[in-house]
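The values are calculated or read from the model by the stated rules, or taken from the named source; none is laboratory data. Small disclaimer: the values here were computed from a predicted structure and weren't measured. No Cβ is skipped: glycine too gets one built from the backbone with ideal geometry, and neighbour counts run over all protein chains shown. When the accessible area is computed, the model is the full protein with side chains, heavy atoms only, and any ligands, DNA or RNA have been set aside. Shrake-Rupley method; radii C 1.70, N 1.55, O 1.52, S 1.80 Å.
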Amino acid sequence: IDAVIKQSIFHRNLIKKYGGAVCITHVAHVAVTSSSFWSNKSKGKARKNGKREEANILKFAGAGLHLEVTKTTNIVGSIFKWHKYHAIHGYKGETMLIANCTILANIAQYGAGLYIDRYRRLEISIGTFANNKAHKTGGAIYGYKISNVAINCSRFLKGEAYFQGAGLVCKRCNSVFV
C-alpha cells in the first residue's frame, strides 16, 4: 500500500486528539512532494499518572504530518511552518528521507520541527530549519532510538530549546553523521 501527497496545501487544520493535518499509519511507502503544511494545530491532551498533561509525544503528535509504522518515507521540496506541536512526527519506521525542505517556526515540547522515534534511518539533505522552538529539548530535531542519522548540506538557524540541542538532539541513536 502506498500514500502519495503531491502539490497539496494543508492550512489551519485543528486536530483535537490524534495525529496531524495528515495522519498516515501502517502504509509501506509514503511520498510527499512539493506540498505546504502550515498553521496546523494539535490540541490533544493525555493523562499520565492521573494528571492531565500537554500532548503525549507518541499518541498526539505531529500537527502537520504524522507517520506511524511506515517502511519508506520520502518528503521532498515541501514546507512545514507555524505548527503547534511537531511539524513532522514519525513513529516506528524504516527509512525517512527529507530533501529540499523548509521547516520553519514550529513549537513543541520536544523536536518542534521533527520528532522521529524508532526509525532505522533518517537522512536529511539540503534542509533549512529556522526559528523552531522546543520548550524542553531538540528545537529543530529530536531523534530517539534511530539506528543511523545522516544530515548533509543543511542549515539550522535561530533554533531554541530550554534544556539542550536548539538544533539537534539524538538520544539512544547508534550513529549520527552531520
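Relative to the current alpha-carbon distance between residue 27 and residue 174, full extension at 0.36 nm per residue lengthens the span by 50.4 nm. For residue 128 and residue 11, the difference between the fully extended length at 0.36 nm per residue and the C-alpha to C-alpha distance is 40.1 nm.
Computed over the stretch 116-178, relative contact order equals 40 percent, with contacts defined as Cα pairs under 8 Å that lie 6+ residues apart. For the chain, the solvent-accessible area with a 1.4 angstrom probe is 50 square angstrom per residue.
Please find, in a Gaussian network model of the chain (springs between Cα atoms separated by less than 10 Å), the residue of 31, 105, 21 whose mean-square fluctuation is greatest. Comparing 31, 105, 21 in a Gaussian network model of the chain, the most mobile one is 31. Here the relative contact order of the stretch 71-160, from alpha carbon pairs under 8 Å that lie six or more residues apart, stands at 27 percent.
Bridges between two residues of the chain, per DSSP, are antiparallel at a rate of about 5%.
The accessible area of residue 69, taken with all protein chains in place and a 1.4 Å probe, comes to roughly 60 Å².
Sequence-distant contacts, meaning Cα pairs under 8 Å at least 6 residues apart, place the relative contact order of the chain at 15 percent.
Between residue 71 and residue 147, the simple label model (points 7 Å from Cα in the Cβ direction) yields a spacing of 1.4 nm. As a fraction of the 1.4 Å probe accessible area of the chain, surface on carbon and sulfur atoms comes out at 49 percent.
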